[in-house]
Amino acid sequence: MSKVPGAPDRWSALKATTPARIGLPRAGQGLALSEVLAFQLAHAKARDAVHAALDVEVIARALGPDVLLASSAAPSRDTYLRRPDLGRHPDEATALALSDAAGDPVDLVIIIADGLSATAVQAHAAPLALRIADLARAACLSLAPFVIATQARVALGDHIALLLKARAVLMLIGERPGLSAVDSLGAYFTHATKPGVSTDADRNCVSNIKDGGLPLEDAASRLLWLITEARRRGASGVALKDESGLAPLLPG
Amino acid sequence: MMTAMFHHTVGRTRHVFADLKTLLARATPPRSGDMLAGIAAASAEEHVAAKHALANVPLSRFLSEAVVPYERDDVTRLIIDSHDASAFAPVASLTVGGLRDWLVSGEATTTALSALAPGLTPEMAAAVSKLMRNQDLILVARKCSVVTRFRNTIGLPGTLAVRLQPNHPTDDLAGIAASTIDGLLLGAGDATIGVNPATDSLPQLLQLNQVLNELIQTHQIPTQSCVLTHVSSTIELINRSAPVDLVFQSIAGTEGANASFGVTLAMLDEACDAARALRRGTLGDNVMYFETGQGTPLSAGAHHGVDQQTLEARAYGVARRYRPLLVNTVVGFIGPEYLYDGKQIIRAGLEDHFCGKLLGLPLGCDVCYTNHAEADQDDMDTLMTLLAAAGVTYIMGVPGADDVMLNYQSTSFHDALYLREVFGLKRAPEFASWLIRMGITGEGGRIAPPSVMPALITRLEGAAS
């Protein structure tokens, strides 16, 4: 037995406002079997996204000629999942290659990293990286080459920034897949980054960048605001609230 | 003076543990986070030997040997300086093993356990939990009673509350309202209507805060709202005269881990005072809402070689300073590097709930998992059922158990209805009466049939949009 609770048209207006699983058909006080199975299928897809590999060549082609590659010290997906510490450090070959590639100090390095969803990175990271780079150059910031990093965690960016003599780092990284969203991209910005010293409190995060989530253009302008404001104030993280769209204060 | 070592001999093997924190780590049931930290027992035998040795440690030892140095950590200082020696007196002569036997005995009544809470340190609670099987953790937690109040009464015997968690990937107000209506129509929301915002943008936080407040005020819902943002943002909202009910913050069991959240005890003091000064609670002034989770200090590089479960208990030591309305462990959120699979998540959920209750906190649990952990909904069914048996204060209510903003799976509104049906659990009484008045449930608390939903949606939508 399965019935939609309430006339379908009352729920369809509400459902149009959110991807959340609302107004689900019930069996007794519980869920109808159709919903139980739909959930299990979504979970299966998310599990598959976690284990997918990033197609580095495709991303590199989209970014143009100025691209460097980096790998963390985690040699495999399985190790990456169990050992986040390894995902936060570059492997030896990467450390050598990046220090060779470093030029004069720059204001910013933009890193594209697989994180927990190569699917998200494949879908959204290259156009966002290119857009932010354009905005940053227009704001007279100097940029290191783009870096594509695999088996990477957020703090790997601190090491990459140091190796490339970048004063700030923006990492675009695949977020942990959910059931409705296996393609959600996160952006972590850290000003004056220092490996082993910078913590989450020093970072600003803009998350849920995806189709049906935060639009790419909005994400780019928020991030540029964070980048330029952090330069002005000399700090990122909790010291820097996102007031980019700050409306007037409460009436009264 | 040298620290005396701990030891236990099995056959011809003498297992030696250099200090208290090493002993605690080795005695902890296996979990990936302690292995990641390199402090787990090397063998199954060493693990049980450590439990034997731990059972013989006098509780008083925990008052003289801190697992994180007093001089270097404000959480340790808080724990030691606020220890209530007279409350501790009834168990002062016991060992950790003796405490376990006393806790499961008839002498440990609800009244005795409430009186004891301020006399136990988090480390004592963690230590005894390591000697307890899952059934012990359930039995003793069930005897603990912790009641808190803001606009309703949470934690009464025979009740289970639900946090309605109406998250939306872009904080769309209509979308958040839609999920809130869905939850209310399924009888959820007595713990709080608490939204995790997608960004920390102050204008958006302000709007969310106002929309939830308007919904609660318009329909006179006996519950409280919460926008789960950083404590510094909430202080800012209060400064801008926003209608803040509860102050949220993630906390952990060491000063360094709290620093990685950008939070200090002084900031929590300030926020707690500011929220109490608003006097928005009609029944009580429990204004704080904390979330915790095993593994946080390790992930922040601030674990001092202490096992993750002991540090989690220390986070409760922080929480109880503020007489919070709600505290929940987000047990499976942190990922497989800390709790690898369903078995580890289930054990950790029961430990956290037990330790929190023993220390006098209104402990709930976000029964949850991520898609990179080896767990699924059957594991969540097991944990929520065990926690309901243990008298958990509240669980989460997420539409269809799928959080579309935080990208993890928690418990659904329907899951709470399942627990109510199996265990006969009621809601916070004021909220239950409201649901009956609205026609959302019958007198017995069962949800109205689908045929009456359209009229209820119209009624609630009036103010939510």
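Miscellaneous remarks
- Taking every full run of DSSP H in chain A, the ones that stretch at least 24 Å from end to end by Cα along their long axis and average -0.5 or higher on the Kyte-Doolittle scale are A:33-50, A:118-138, A:216-233.
- Beta bridge orientation in the protein assembly as shown: antiparallel %, DSSP, nearest 5: 40
- Calculated SAXS-style log₁₀ I(q)/I(0) at q = 0.22, 0.27 Å⁻¹ - segment B:274-334, Debye, Cα scatterers: -0.86, -1.09
- The calculated pair-distance distribution of segment A:1-146 uses every alpha carbon pair, bins of 10 angstrom beginning at 0, and gives 9, 25, 25, 17, 15, 8, 1 percent.
- DSSP bridge pairs, chain A: antiparallel proportion in percent, nearest 5: 50
- Long hydrophobic helices in chain B: the complete DSSP H runs spanning 20 Å or more by Cα along their own axis with mean Kyte-Doolittle hydropathy of at least 0.0 are B:202-218.
- Placing R0 at 60 angstrom, the Cβ-Cβ distance between A:ARG232 and B:VAL10 gives a FRET efficiency of 0.40 after rounding to 0.05.
- Amide N of segment B:235-251 lying under 19 Å from the label point, which is placed 7 angstrom from the Cα of B:ALA259 along Cα→Cβ: B:250-251
- Rg to Rh quotient for segment A:125-198, alpha carbon positions, Kirkwood Rh: 0.98
- Among the GluC sites (Glu not before Pro) in segment B:426-465, those placed in a DSSP loop whose Cβ has at most 14 other Cβ atoms within 10 Å are B:GLU443.
- One decimal place: the segment B:THR218-B:LEU278 gains 19.7 nm when fully extended, by the rule 0.36 nm per residue minus the C-alpha distance.
- nm² value of the averaged projected area, convex hull over the Cα atoms of segment B:138-207: 6.3
- Cα-Cα over 32 Å, subset of A:LYS45/B:LYS426; A:LYS45/B:LYS21; A:LYS194/B:LYS21; A:LYS15/B:LYS357; B:LYS343/B:LYS426: A:LYS45/B:LYS426; A:LYS45/B:LYS21; A:LYS15/B:LYS357
- Shape category assigned to segment B:321-406 from the gyration tensor of Cα positions, a/c cut at 1.5: prolate
- For chain B, the antiparallel share of DSSP beta bridges with both residues in that region comes to about 35%.
- Gain on full stretching of the segment that runs from A:LYS165 to A:ALA13 - 0.36 nm per residue minus C-alpha separation: 49.5 nm
- Dividing the helix sum by the residues of the protein assembly as shown, where each DSSP H run of 4 or more adds -39500 (n - 2.57), gives a mean residue ellipticity at 222 nm of -13000 deg cm²/dmol.
- For chain A, the equivalent ellipsoid derived from the alpha-carbon gyration tensor has semi-axes of 36, 24, 15 Å in decreasing order.
- The alpha-carbon atoms of segment B:1-154 define a convex hull whose volume equals 161 cubic angstrom per residue.
- In this rough spin-label picture, where each label sits 7 Å from Cα along the Cβ direction, the A:LYS194-B:ALA89 distance is 5.0 nm.
- Cα-based radius of gyration of chain B once divided by 2.2 N^0.38 Å, which approximates compact folds: 0.96
- In a fully extended conformation the segment linking A:ALA44 and A:ASP78 would gain 10.5 nm over its present Cα-Cα distance, using 0.36 nm per residue.
- Applying the Kirkwood pairwise sum to the alpha-carbon positions of the protein assembly as shown produces a hydrodynamic radius of 26.2 angstrom.
Any read-out appearing in this document is the output of simple, stated calculations on the displayed coordinates, not a laboratory observation. Values in this document were obtained by computation on a predicted structure and should not be read as measured data. All Cβ positions, even for glycine, are placed from backbone atoms using ideal geometry, and neighbour counts span all protein chains on display.
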